Structures are given as structure tokens and as C-alpha cells.
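Values quoted throughout were computed directly from the atomic coordinates according to the rules given, and no laboratory measurement underlies them. Everything quoted here is computed from the prediction, not taken from an experiment. Please note: Cβ atoms are built from the backbone with ideal geometry, for glycine as well, and neighbour counts cover all protein chains shown.
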Amino acid sequence: ALLPPALRALRGPALLDVAIPRLGPTRTTTEALGVLSPSSLAPLTPVPRPSSWAPRSGAAPARRWNLVCGDGWKVPLEQVSHLLGWLLGCVVLGAGCDRFGRRAVFVASLVLATGLGASEALAASFPTLLVLRLLHGGTLAGALLALYLARLELCDPPHRLAFTVGAGLFSVAGTLLLPGLAVLVQDWRLLQGLGALMSGLLLLFWGFPALFPESPCWLLATGQVARARKILWHFAEASGVDPEDSSLEENSLVTATELAMLSAGSPQPQYQSPLGLLRTQVTWRNGLILGFSSLVGEGIRASFRRSLAPQVPTFYLPYFLEAGLEAAALVFLLLTADRCGRRPVLLLGTMATGLASLLLLAGAQYLPGWTMLSLSVLGLLASRAVSALSSLFAAEVFPTMIRGAGLGLVLGAGFLGQAAGPLDALHGRQGFFLQHVVFASLAVLALLCVLLLPESRSRGLPQSLQDADHLRRSPLLRACPRQDHLPLLSPSDSCWAGHTPEQH
């Protein structure tokens, strides 16, 4: 009864042709509609048109990929495949960064990402697209992980956080510009081709080593002193410092004599297997806690998005709101992580994430709409901060010898958490409540685990497994521990009475 008069007379296949745009109107349907314009049919067809997924091959009939109704499961399956590729890329290519170097993995990953991105634009079937998305995600993960490691190891401790936040803000800018680019392009294959072209432009780093030098920190840690010496001398000359000037004794640059002695002592590169992490006493625990924190921070975000959706009905607003919250979380870390320390800020973010999740879980049917919106925004903001700080924290506590493998495991745990959202959609969102309960409980457990972490603020990066094991947990409140006042000792001396090597 709600249909226009021109459509009430249609029955069976004729009405179906009008309602489903992937079939298209037949000649009989067009004659029956008469003067009915396509604009008046728009409210009757709210289902997105999947014809842009159809490969065009000359005059041959195009095979269409249906991604709606009964075939809607293909969309979350593609998302899971892409995230699985990122997970595998972080784990495998992270270990490759420790074996072959940051620059080699970065260039190789870009070459593969360019080819795979172009192949996605030419995919002729949905299974082929799934495989290509899996491989493409892995290569992108390798490139970004190598870039993250090289940037971190080229920074001194006071500027480490600032450069990491700056790189994250560039990522947010790309997220904000992507919908506008998609509107201008109007075709997913052309958009995918433009992405492959941008990856190809980044290959300029291959021809100009000065734009992306190998990490001297990794070269020195693996015993490749000759290569490290060339890069350090290039840095000194670019900064206007003469490396051979003997008057600059206070300069932190290693002298040529010291480098020559180191080179004579270890002529062959020395690499450390990621399995050596299992023989450590503290480092493996720190990595496990940070991986668990990253898993919770990324996985619980799907619950906050689900709670946010009924409060923000506009299609694009949640997308831009989440991107803006990511930028706000990065600015928050920039203002607090150096001032207060990594561990207190991570503890605060985990506490806010767990509290917002528990309140949404307990009062979903009783809280007003504005409260649900506020808690969802707070949870998204805190979870973003937890994820970003967990990655930076992990890069600072893992030694240079296995920093790529360790950080890859932590980032891989985060991508495993991100897969919780598409997996829930794949099952028709039947397990959303159970998923919310699980991640809320894990957030409370992560809150207790963060207390066991050391503090890495303003510290140099550890080079070996022994250096990383020396990063012990420190008290949250840096006060003098309460001790008995020993006779014949002043209170200032008695404060250190319990910290002598003999008593340790």
C-alpha cells in the first residue's frame, strides 16, 4: 500500500527487478513504469549498488559480485583476511627486520605492496581478491613496521615520543582524506590503483639511501661497525660537525679509533634469534603484558563502536568522529607520556577503558542516550591511547637485537583484537554481548598486569637481552621507602641502607 501507483500493478519478477539494482530493470518493467523517473525510485532501493565490483571485459557480460543480503558475509570475510595479513606480516617481517635490516625490509615490502595493490584492482573473482588482500596486508605491515623501528632508533630519548605522535597524526590525516578521495574517484578499482601508485612513489627511498638510511643502532648491535661508521659520519657531516675534529671530545659520536677496535673484535654480523626471548627473566614478561594490553585496546573498540552507532545515525559521522578521537588520543599522549611516564599513562588509559566498558555493559538498558554517547567516546579515546602507547612502550623495552620481532608480536596482537569486530559481523552479531563481557573482563586483568611493567621514559634503548633484563619495575611513587632509622646513621643515609649490593 505504501508503493507508488505505478509499482502496485507489478507482480513477481517485474517488481523484483525494480527492488534489486544488481539485476537492472527489464523492458517490461520500463514500459510499466511509464514516466516514473529514476530519482523517484531512489527511496525504494536503499541497498548499495554492488555493480562497481563487476570486472569490465569489453562487450562480454559483466560478472557481478553480490555483497548484500545473503552474500553480505563476504564483506567481513574480506576484512578478516586483510587483518590476518597484517598480523602475519608483523610477525614474519618483524623478525626479518632483525635479520636483514630495517631498510631492506622496507624497500622489499614496498615493491611487493605496489605489485599486489595493482593486482587487487584487476582481480576477477572474490577468492582471488581474498588472497591478494591477505598478501597485501602482510607487505604493508612489513613496510610500516620497518619505518616505525628506523624512526624510533634514529631519535634521541627526549624526541622519541614527539616523532611517534607526529607520524600517527599523518596517519589520521590520511584517514580523513580517504572518503573525499573515494567520492572523487567513484570506482573502487581506480581507488585501489591510486593506492598502488602512491606505494610506488615511496620507492624513491630505494634510489636515495640518504632519505631512509639503515639504522646505525641496529648495525652496531649486530656488529656491522663499518657500515655504522659510514652512516654516523654522514650524519655528522650533514649536521656541520667534523668527525675528525679532536676538540669535540664531548660529542656523542663514536670516534674512528673506537669503531675500528670494535670492527676488529667482531668482523662477522651477530644476529639473535627471537627464541632467545624465552630465556630472559623480565623481557618476555614485559612483551607479554604489552601484547595483552594491545589486544584489549584494539579488540574492545568494536564494543564501543556498537554502542555509539544508535546515538550517531549519520553514516559518515562515526568514521570522522573515530579519526578525530585518534588524533585527540595522540595529542593526549604527547602532553602526558613524557611528563608523567609511560606506565602511569598506560595505567590511566587502561582504567578508563575498563570503566567505560563496564558501565556500558551494566547500564545499556537504563542509561540515557547522552550518557551512552559520552561513555562510548571516552572508551574509544582511551582505547586509542592504550594501543598507541603499548606499541611505543614495547619498542622501548625490547632490545635492538630482537626489537623487530618483539614489536611485531605486540602489533600482531593488536590486529588480532581488531579482527573481533568483523568476526562478530560474520556470525550475524549473535555473540556481541559475550564479546563485550570478555573484553571488559580482560581490560580489568590488563589493569593489574600494567603494574608489573618498568618505566622507559628518558632512557636509552636497550641493545642486548641483558640490557633489556635490567629494566626492572620501579615504584609508582618515587618516595623514600619506609625503613627503620638505624643508630649511628642519619635519616638520609638510612634511606639507602636497604639498597646495598650485599643486601641485594
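Express in whole angstrom the spacing between the alpha-carbon centres of segment 437-474 and segment 136-208.
28 Å
Using 7 Å Cα-to-Cβ label points, what is the Leu452/Leu278 separation (nm, one decimal)?
Each label point is offset 7 Å from its Cα along the Cβ direction, giving 1.8 nm.
By how many nm would the segment from Gln270 to Leu445 lengthen if fully extended, with 0.36 nm per residue of separation less the alpha-carbon distance?
On the way: separation 175, 0.36 × 175 = 63.00 nm, distance 3.82 nm.
This chain segment gains 59.2 nm when fully extended.
Which distance in nm do the two modelled labels at Val437 and Ala9 give, with both placed 7 Å along the Cα-to-Cβ direction?
That separation, rounded to one decimal, is 5.7 nm.
Sort 163-171, 226-234, 93-101 for me by packing, meaning the mean count of neighbouring Cβ atoms within 10 Å per residue, highest on top. Write out the running numbers ahead of the final one.
Values: 163-171: 16.0, 226-234: 18.2, 93-101: 22.8.
With the highest mean Cβ count within 10 Å placed first, the list reads 93-101, 226-234, 163-171.
Which order, highest average first, do 268-280, 130-142, 173-185 follow once you tally other Cβ atoms within 10 Å for each residue and take the mean per peptide?
On the way: 268-280: 13.8, 130-142: 22.8, 173-185: 12.2.
My ranking of the peptides, most packed first, is 130-142, 268-280, 173-185.
Starting with the highest mean, order 435-443, 215-223, 454-462 by the number of other Cβ atoms within 10 Å, averaged over the residues of each peptide. Working shown, then result.
Working: 435-443: 20.4, 215-223: 22.0, 454-462: 17.7.
Highest-to-lowest ranking by the protection proxy: 215-223, 435-443, 454-462.
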